[in-house]
Structure formats: C-alpha cells, structure tokens
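The values are calculated or read from the model by the stated rules, or taken from the named source; none is laboratory data. Since we're looking at a predicted model, the values are computed, not measured. Glycine also receives a Cβ, built like all others from the backbone with ideal geometry; neighbour counts cover every protein chain displayed. Side chains are part of the model used for accessible areas, which takes the heavy atoms of the whole protein and leaves out ligands, DNA and RNA. Shrake-Rupley method; radii C 1.70, N 1.55, O 1.52, S 1.80 Å.
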Amino acid sequence: MSIQDEARLRWAHLQTRRHFLKSFSAGVGSIALSSILGPGPVMGASSGTDALDAFATGAPLGNDPLLPKTPHFPAKAKHVIFLHMAGAPSQHELFDYKPLLQRLDGQQTPPSLLEGKRFAFIRGIPKLLGPQATFKQYGESGAWVSNHLPNFSRIVDDVTFLKAMHTDEFNHAPAQLFMYTGSPRLGRPSLGSWALYGLGSENQNLPGFVVLISGAAAPSAGASVYGSGFLPTVYQGVQCRSDGDPVLFLSDPDGVSRDMRQRSIEAINEINRQQYEETPDPEILTRISQYELAFRMQMSVPEAMDIHTEPEAIQTEYGVEPGKVSFANNCLLARRLVERGVRFVQLFHWGWDSHGAGESEALTHGFVERCKETDQAMTALLSDLKRRGLLDETLVIWGGEFGRTPMLENRTGQDNPFVGRDHQSDVYTMWMAGAGVKRGFTYGETDEIGYQPVSGRVHVHDLQATILHQLGFDHERLTFPFQGRDFRLTDVSGRVVNEILA
Amino acid sequence: MTTRSALWNAAATSAAMLLILLFVDPAGRAPEWARFMARQHPAIVHLPIGFLLFGGLLAAFRRWQKEDQPGRVEQAALVLGGWGGVAAAAAGSWLIQMGGYPTDALFWHRVLGFVIPLAAAGTVLANVSAPTRGLRGASWTLLVGSLIVGGHLGGEMTHGKAFAAEYTPGMLKPLVGDWPTLETRFDLSQPETSSVYEVIVVPILRTNCTSCHGEGRTKGGLDLATADAIAAHETDTEDDPLITWGDAQSSLLIQRIVLPIEHPRAMPPYPDAKPLSHADVELLRWWVDSGAGFEKPFSAVARPEAIEHLLGLYGLGDILTGVFALDLPQPDSSAIAEIKDWGVTISYVAADMQLLEWSGQDSSPLHEMAVTDRIKEHVVSVDLSGGNASDADVTRLGDFPHLASVDLSRTAVTGSTLAHLAGLEYLTRLNLYGTRVDDAALEHLANLSALESVYLWQTNVTDEGVARLRDALPNAEINFGE
C-alpha cells in the first residue's frame, strides 16, 4: 500500500467510526487518557515519571513508551544478555560431573528411579550412560568443567552455576515459552519485553530488545519467545542479523530518498498523533515510535551491527566468521549493542537436542560441534564485557530450556552407533555472571548420578524473579492489567534467589 | 457525707496503698495464695472504672444543672470506686510479680494504678471541703485522666499496641497519630556502623532477659546487660559455654531458650514469664552461628534467606547502604528538565529515591553551573563514556559530592585532574578504560579508599603503576585487561 493510500485510509477511518466516537463521547477519551498517563502499574506514584511530568506541564502527546523509566529499587543490571542454547544442552557432558555415573555406565536403571516418571521419549527400562567427556576442576572456586569447554574453564571464577534448575515442561516449545514468558502457552509477554516495559531503552536510535539467532534453525517455540504478548507491541524483540541487511525491510525502497522517507514518516505520524488524541490507544503510540525508530535505525543500526569495524584482535578473540551467521558473530554483536545502551539482547543457538538418533544429535558428534561453536565466543564475551566495566551492569545468563537424563536414550531399541540422552525437566544446569551475581559460586546440588536435586533447587519462575530483581524490579509488582487482572512474568510464584547475589 | 468521714476515707485509702507498695515488691515472687487473686486483676479492675466514671457522669450532670453540692450517690460511687481501685492495685501488683508484661508500659500503668484510688479519695474530700471549684475540677481531671491513660496502657499490654487505634476512622487518624511500628524495635538506620549485637541482640535481651539477668540483678550469676559481662561469663563445668561462636547448638544461651516451656531449666521461666518469640530465637541463633561477636557491623554479616524474611516481617527487608541510604529532598525538577533539553539523559535510580543518574556523550552541560549545581547533590552516577569528556570535566565532577560511579571510558581524559575526585567518599566504581591515563594519574586514586573497581584496559598505565595502585587499594579490583 502506498503512503498516499494509507493516508486516505486513515482519513476515511477518521470520517466514520472515529468521527462518531468523537462526537458521541467527548468525555470518555479524556478518562481513558488519564488512565494511560496516570500513575502506571510500573511506577506507582513516583516523582520521576516522564508521563506524569509531561501531563503536568502540558507537553504534547505521543510520549515515547521507550524512554528510560524508573525501577522499584536501584538496579544492579542495566542490560541482560541471555545466551539460550536451544534444544537443551546436556549438563552431564558440561558441568554436572558424577564419577558414579561413569562407573554405572551401561547398567540398567533401577525401577525405583523410574517409578512415577514420565519421559519425552524413553520407554521401558533404559541403561545409564556415563559422561561422554572428561572433567577437571578449575579456578579458585574449583568448579568442574568438561574438556568440551577449554576456554570457558578459564573464567569459572566469574560465574555462578545453578546446578539444580528445574522447569515444568519437558518438550522444547512449551519449555522455551515457559522460560521466556512464564507460561507454557502462547500469549504472554517475554522476559525482554517485560524488561523494556519496565525500564525503557537507553538508546533511542536502536531497538531496546534485540534478538540474534544462530545455528541451523530458529527456536522451536518461534517468535513468541521474544514477543510482547499483551504488552504494547513496541516492547517486542527485534530480530537482527549479522549478515546482509541487519534488520529486514529497513532500507529505503528503490526510488525513495532518505529525505522523502523522512517527510513521509512525519506526515504519517502527524495523522497518527491526531488519531491518538482522539482515541488514545497505546498501539498508536507504538506505531508512531516504530516509524520514528525505524527511521533513526537506518543510520544507527548498520553502524552498530558492523562487527568488521572491530579491531582484528577482538575479532580473533571471539572467533568471528565474516560474512556468516554464527554464534561468535552474535556474541560480538551483543557486546556492541549493550555498549550502545540496548536493554536486552537475546541469543539463540540451535542444535543441542542430543537424543543420539543421528550424528548431528550425538553427544559424541553434534554436541561436541555445538561446544566448539560456542565455547570461545562466550568466553570472549565475558572477558570483553569485564575489562570494559560492562559486566558490572550486564547480567549474562547461559542455559537451555531444560536438561538431559543420566540415562541413554535408545528410541528404536536397535543397535545405534550414537549415544544421546532424553529430556530432563527435574534438574539441569545454568550459569549466570555479572551485575551483582556472586562470582566463583555454585548453588544447588544433585544426587550421585545427577538425576534428582538434593538442595538449592531453582525453578524457572525463581530465575525470572531473580533476573527482574537484578533489573531493579519486585517481580510481584511489575504487572500489566489484561483481561480483568494484573498479569506478571512469574504468574503466582517465583522467589528471588538471594543466595546467589553478592 | 461529712468532711470528717471523707478525711477518714482518704487516710484509710492511703494506708492501704502504702501497705501494697511496701509489701509487694514488683521484682519479687508472688506468693501461692495471692496468685488466684492476681489473675483476677483484669476482671476486678473494670468494676472501679465503672463506678468512677459513673461518679464522673453524675458530677458533670450536676455541674450542668448549676448544682454545687455533690449528691450521695456521686460520693458513694467515688468511695466504692476508690476501694475497688485498691483491690485492683493489690491484684495487679501480684500479677506484676508473676511476670510476662512489657516493662515500659507496665511502669506507668502501675503508677497510675496507685494514683487512681488516691485521686478518688481526694475527690471525695474535695467535693465536700474544697474551697474553690477549680480544685474540685482539678481533682476530677486527675482522676478521669489517670483512668483513661492507665486503662489504655493496661489494654495495650493485654491486646498489643495498635489494638485501640487500629481501626480509627480516617479523618480522626491524625489525632491518635501513628503508633510505633515493629520497625522501631531494631534500629537499622546505620547498618554499616552499628553492630549486630547492638541493633539486634541488645533489644531482644532487654525485653526478654535482663530484668532478671542484668539491670542490677544477676539471677544464677548471669549478667546479660553488657557485652563485657556476656563475654566474661563462665558457665559451670558440666554446661556448654554461654556462647560458642559459630555453633548455636553448643551455646547455653540458645539451649536454654529453646527448651520446651515445661522443662525446669527453660528460660525465661514459664509461667512467670513468656517464652521468646520464634523470630527472636532465630535472630539470636543467627547472631551466634554467624560468629558476629560484639563488634561486627550489621551489613558485614551474611544474612541467610530465613533471616532476611524475618527482618522483612519487621519491615526491615530492604536494607539500604552506602549512597542509597542518603536521605535527600526532592531534586529541582526544572533543573532536570533543562539539563534533559541539552541532550543529557537524567534518570532516577529508583522510585521513591531522590538520586539521579547522568549519562550523555556531550560533557558541556556539566559546566552550566547555575543549573547543574541545583542537582549536584542528587547525582550518584555520571556516564560520559565514548564522548568528548576532558580533564576539565573530571575537575568539575569533584563538585558532585555523592558520586558512586564515574564512567569516563573511551574519552580523551588523561587523568591529570583525578586528584579532584579525592573528596568523593562514596566513589566505588571508576571506569577509565580506553583513556590516556598513565601511572602518574593513578597516584591520585590511592586515597580513594571506597573504590571497589577501577578499569584501566587500553590505557597508558604500566604493570608497575597497577601494582602500586593495588597496594594502595587492596580491597579494590583493578582491571587492567590482562
């Protein structure tokens, strides 16, 4: 649709339904307006709300919903980088070292361990599978790390391991949704959207919530894991690419100059602004700010996304692969974005679903490849953030949507040259670093074969509560009214894991 | 009633009260035979209150009718009420001996309990013989006032502090004021300087223990009134030490307070005194287990989640430290608006906190003194990274007294003016990476003892310069990018 057509359509709308509503309900609009500009669910009656200031001083409408906002209490984390290993990496081959599991390798699992358990694929009585890696202790903290992560093992004193994570879901899509939206079903806002809704963005020329995807496929839950749900869509994650156009459809179309683009956007936004004054639907604000953001991004995004301007040494340190889509490229991008004030950077790296049904899913092949693709880059990311002083205010989280069983999964029951493990939701490992999280610390403990938690369990809602806490929010108070009740990321549970906070 | 009989009544009342005062020592032990009577105090006490208020009503009615002479019923009510008060005072005194009531409210309740019978007898006398109306009025005022205050204190001890005022209708609230909340029990306003012992332990011991073990009496040879006395205490050989730091289980202090209340050695002795609350026991246990001793400041002792939770119940969940504990008035919003117009991002650190963060690539607004001086007390963080900051800006930052974080990374700063930051007592974080600072500049940082992290990657500093800074600031993390 051409710009003229759109303008004509808007005008038509104004002449019909809007017009009727306007003449019919002069007062209703102002009531709705005050409910939008009044003390919001985030702010309460704080002194520093931009919206209130603007309301009091009679500033023009159309306040950008992405302007920086005030948290409940001083934030430790101003940024979050979430490194999601989509498909759920095995803790038994990375961090949760169990010598007994090695000794029991190949033995049948005792029935007592299987009673009342449900697995995604395992049927009957599986055999136990020893770790397909060798382990050593590293750092002053003495954390166990496998030989698959030779780089990461150097920086274990900077991270906190959560060894007894658990989730409610044992299939990828619902578990990913659960991790990011607090619910296994569609429709809720994602973690990054909540963060942006609560805090706004520090950089008005870049999206506040950026999603970077690498690996052979996108996360199985799709774009909903970075969607805004019922929050205004201005808070949804924007997927960027490290190769080609960083953001699709951002460049000017052929035959349209930047100047003409600017005048068009100004005209459209003027119409939208009039419309907002009549029907204060927050989605109109979203529309306005996204037109403006897109225009500003035409200049700023190519600059921010161009990792080739980084010094050679830095590119080597991350293991950047020019011209490709890679986890390393995305890690370097993540740092550049955080440095420029982007609030939330979500990385997905696909391919950790090591069932052992084929070579790419084997713990001895595909899994090892994934480790190689990520080890150097995530280590470089942490070191780079640290020496720039960014790790003080950036929370880095690594993990999958669940973990994997200590048992061998043999789906067909026939001889299989590859080994793999099934999904495990009761216990798995994640790690966090930076922004007020303890360093060189391990929280949570599993039993002698890494099958059940012993202490220090952390539920996905607890993790979410903790992330919001570091961003300066009481997870019980960061709410949004929808369909008659206040919703929050952690729904009706969640506990801040104070034990891991420095 | 004649003046003579009123005088006799006053004398007899005084004598009775004197007997109670002399023979019932509040710190003593109530005799068996008096214990039943003691427990009837709450029942007995309401009878005289009724009589006396009834007398008061009659007197008020009489004054309204311009009648000067008190009626027989009014005098009878006063006499009966007065002697009822004597009985209540006796029962109350024994009840005090049985223990279990908070000492501060108890003191005044007891004083007023003695005042009321005497005031009643005095009013009887004044009614028949006082030369002026004023004296009679004063006598009535004393009596009714004592009844209200004394009765209120009694109610407070029985039902808890906020009982009467809790449901005061909104518009009357300002009259009754804010009653003290639980927060006032532990004063955590200075968590970095006050010790755990002083802010947590002393208040607990004072309400539960020191009326027998300390304050002049040391039952069982135990004195818990001072740190020195506690530290010096030696227990019998068959007992564990009073306190074994790091092991509450093996500390006699904890052992005794967690015994079942029926146990003969349980403390405080039941039923003479109430057991410690669960919260108090846990807090004491935490104090011993943490090994905090008598000196360690509150903020330096790790608080497990259960303790955070308990303190949260006392309204002390979020304990603010350092610059966040500053109590400042609201910053000048017109100054903030003006600075924002210059392209600086000014944001509040948190809702309900008057602290600001400053970030912007252009440093020139810092030098608009007339405007920025108005909020310089409020700014706790300045981020000029990647911008045009210069050494002159560093000089200017020294005027912002409460800065906790300064980010000058990726700027042309050489560090020659870093000495101007010397007065910043809260400065914990200084980011100088990607600047031209050198070893000479680092010398200026040696006195900034609050510093926790300094970033020096990609600068002109050398290993020796960093080593010297590490010696000067042993608690700070100096990141050199190595």
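Looking only at residues in the range A:427-479 that are hydroxyl-bearing (S, T, Y) and closer than 16 Å to A:Y180 by Cα, which one is modelled with the lowest pLDDT?
If we filter the range A:427-479 for residues that are hydroxyl-bearing (S, T, Y), which is where we start, we get A:428-429, A:442-443, A:446, A:451, A:455, A:466, A:479.
Next, only the ones that are closer than 16 Å to A:Y180 by Cα stay: A:466, A:479.
Numbers: A:T466: 95, A:T479: 91.
Selected residue: A:T479.
Out of curiosity, is A:H423 modelled with pLDDT under 95, under 19 Å from A:M179 (Cβ atoms), over 17 Å from the mean Cα position of the chain (by Cα) and not polar (S, T, N, Q)?
Working: modelled with pLDDT under 95: yes; under 19 Å from A:M179 (Cβ atoms): yes; over 17 Å from the mean Cα position of the chain (by Cα): yes; not polar (S, T, N, Q): yes.
Considered against the rule, which asks whether it is modelled with pLDDT under 95, under 19 Å from A:M179 (Cβ atoms), over 17 Å from the mean Cα position of the chain (by Cα) and not polar (S, T, N, Q), A:H423 comes out as yes.
Residues in the range A:139-146: is at least one outside any helix (DSSP H, G or I) and aliphatic (A, V, I, L, M)? So that I can check it myself, show each step before the final result.
Here is the first cut: in the range A:139-146, the residues outside any helix (DSSP H, G or I) are A:139-146.
Next, from what is left, pick out any that are aliphatic (A, V, I, L, M): A:143, A:145.
For the range A:139-146, residues outside any helix (DSSP H, G or I) and aliphatic (A, V, I, L, M): present.
Go through the residues of the range A:91-105 one by one and say whether even a single one is assigned to a loop (DSSP other than H, G, I, E, B), at pLDDT below 95 and among the polar types (S, T, N, Q).
no
Answer yes or no: is there a residue in the range A:82-105 that is touching a helix residue (DSSP H, G or I) at 6+ places or on another chain (Cβ under 8 Å), within 14 Å of another protein chain (Cβ to nearest Cβ) and under 26 Å from A:Q470 (Cα atoms).
Looking through the range A:82-105, none of the residues is touching a helix residue (DSSP H, G or I) at 6+ places or on another chain (Cβ under 8 Å), within 14 Å of another protein chain (Cβ to nearest Cβ) and under 26 Å from A:Q470 (Cα atoms).
Which one is modelled with the lowest pLDDT among residues in the range B:153-199 that are aromatic (F, W, Y) and not in a helix (DSSP H, G or I)?
Only one residue fits best here, namely B:W179.
For every residue, the table says whether it meets (1) over 18 Å from A:L468 (Cα atoms); (2) in contact with a helix residue (DSSP H, G or I) (Cβ under 9 Å, 6 or more places away or on another chain); (3) of a type in the set (F, W, Y); (4) within 14 Å of chain B (Cβ to nearest Cβ).
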site	(1), (2), (3), (4)
A:N151	yes, yes, no, no
A:D158	yes, yes, no, yes
A:F170	yes, no, yes, no
A:A173	yes, yes, no, no
A:G187	yes, yes, no, no
A:L199	no, no, no, yes
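Can you tell me which of B:A446, B:A422 is more than 20 Å from A:G341 (Cβ to Cβ), open to solvent by less than 40 Å² (accessible area, probe 1.4 Å), modelled with pLDDT under 90 and of a type in the set (A, V, I, L, M)?
B:A446
Can you tell me which residue in the range A:371-393 is nearest to A:V437 (Cα to Cα), limited to those that are more than 14 Å from chain B (Cβ to nearest Cβ), surrounded by fewer than 24 Cβ atoms within 10 Å (Cβ to Cβ) and not polar (S, T, N, Q)? Quick ask: steps written out before the conclusion?
We begin by selecting, within the range A:371-393, every residue more than 14 Å from chain B (Cβ to nearest Cβ); these are A:371-379, A:381.
With the extra rule that they be surrounded by fewer than 24 Cβ atoms within 10 Å (Cβ to Cβ), the set shrinks to A:371-373, A:375-376, A:379.
Narrowing further to those that are not polar (S, T, N, Q): A:371-373, A:375.
Details: A:C371: 24, A:K372: 26, A:E373: 26, A:D375: 21 Å.
The residue in question is A:D375.
Quick one: which residue in B:L57, B:L47 is out of contact with any helix residue (DSSP H, G or I) (no Cβ under 6 Å at 6 or more places or on another chain) and modelled with pLDDT of 90 or more?
The match here is B:L57.
From the list A:V345, A:V320, exactly one residue is out of contact with any Pro (no Cβ under 9 Å at 6 or more places or on another chain) and touching a residue at least 60 places away in the same chain (Cβ under 8 Å). Which is it? Write out each step before concluding.
Values: A:V320 fails: touching a residue at least 60 places away in the same chain (Cβ under 8 Å).
After ruling out the rest, the residue left standing is A:V345.
Being within 29 Å of A:S220 (Cα to Cα), among the β-branched types (V, I, T) and within 28 Å of the chain's Cα centre (by Cα): is that true of A:I155 here? Explain how you work it out, then say what you get.
Details: within 29 Å of A:S220 (Cα to Cα): no; among the β-branched types (V, I, T): yes; within 28 Å of the chain's Cα centre (by Cα): yes.
When the stated conditions are applied, A:I155 does not pass them.
From B:W140, B:W108, grab the single residue that is in a helix (DSSP H, G or I), of a type outside the set (D, E) and either touching a strand residue (DSSP E or B) at 6+ places or on another chain (Cβ under 7 Å) or open to solvent by 60 Å² or more (accessible area, probe 1.4 Å) (or both).
Of B:W140, B:W108, the one residue that is in a helix (DSSP H, G or I), of a type outside the set (D, E) and either touching a strand residue (DSSP E or B) at 6+ places or on another chain (Cβ under 7 Å) or open to solvent by 60 Å² or more (accessible area, probe 1.4 Å) (or both) is B:W108.
Output the residues belonging to the range A:418-447 that are small (G, A, S) and surrounded by fewer than 20 Cβ atoms within 10 Å (Cβ to Cβ). Steps first, answer last, please.
Narrowing the range A:418-447 to residues small (G, A, S): A:420, A:425, A:433-436, A:440, A:444.
Passing the criteria: A:G436, A:G440.
Can you pull out the residues in the range A:448-502 that are open to solvent by 30 Å² or more (accessible area, probe 1.4 Å), part of a helix (DSSP H, G or I) and under 30 Å from A:G187 (Cβ atoms)?
A:H469 - this is the single residue of the range A:448-502 that is open to solvent by 30 Å² or more (accessible area, probe 1.4 Å), part of a helix (DSSP H, G or I) and under 30 Å from A:G187 (Cβ atoms).
Among the residues of the range B:449-482 satisfying the criterion of being open to solvent by less than 60 Å² (accessible area, probe 1.4 Å), away from every other protein chain (no Cβ under 14 Å) and touching a residue at least 12 places away in the same chain (Cβ under 8 Å), which is farthest from B:A422 (Cα to Cα)?
Restricting to residues being open to solvent by less than 60 Å² (accessible area, probe 1.4 Å), away from every other protein chain (no Cβ under 14 Å) and touching a residue at least 12 places away in the same chain (Cβ under 8 Å), the top hit is B:T462.
When you check A:V396 against the structure, is it open to solvent by 10 Å² or more (accessible area, probe 1.4 Å) and either away from chain B (no Cβ under 14 Å) or farther than 15 Å from A:A88 by Cα (or both), yes or no?
It is false that A:V396 is open to solvent by 10 Å² or more (accessible area, probe 1.4 Å) and either away from chain B (no Cβ under 14 Å) or farther than 15 Å from A:A88 by Cα (or both).
Output the residue which, of all residues in the range A:408-417 that are surrounded by fewer than 24 Cβ atoms within 10 Å (Cβ to Cβ) and not small (G, A, S), is farthest from A:P110 (Cα to Cα).
Of all residues in the range A:408-417, those surrounded by fewer than 24 Cβ atoms within 10 Å (Cβ to Cβ) come to A:408, A:410-417.
In the following step, the residues that additionally are not small (G, A, S) were identified as A:408, A:410-412, A:414-417.
Working: A:L408: 13, A:N410: 17, A:R411: 19, A:T412: 21, A:Q414: 21, A:D415: 22, A:N416: 22, A:P417: 24 Å.
By that ranking, first place goes to A:P417.
Counting only residues that are loosely packed, with under 14 Cβ neighbours inside 10 Å and farther than 14 Å from A:S289 by Cα, how many does the range A:255-278 have?
Residues meeting the conditions: 7.
Just for strands (runs of 3 or more DSSP E) wholly inside the range B:280-386: which have at least 3 residues that are aliphatic (A, V, I, L, M), buried (at least 21 other Cβ atoms within 10 Å of the Cβ) and within 14 Å of another protein chain (Cβ to nearest Cβ)?
Per the criteria, B:379-383.
Hey, among B:P271, B:P260, B:P264, B:P275, which residue is out of contact with any helix residue (DSSP H, G or I) (no Cβ under 6 Å at 6 or more places or on another chain), assigned by TED's automatic domain parsing to the domain that holds B:G221 and in contact (Cβ under 8 Å) with a residue 40 or more places away in the chain?
Every option except B:P271 fails the conditions.
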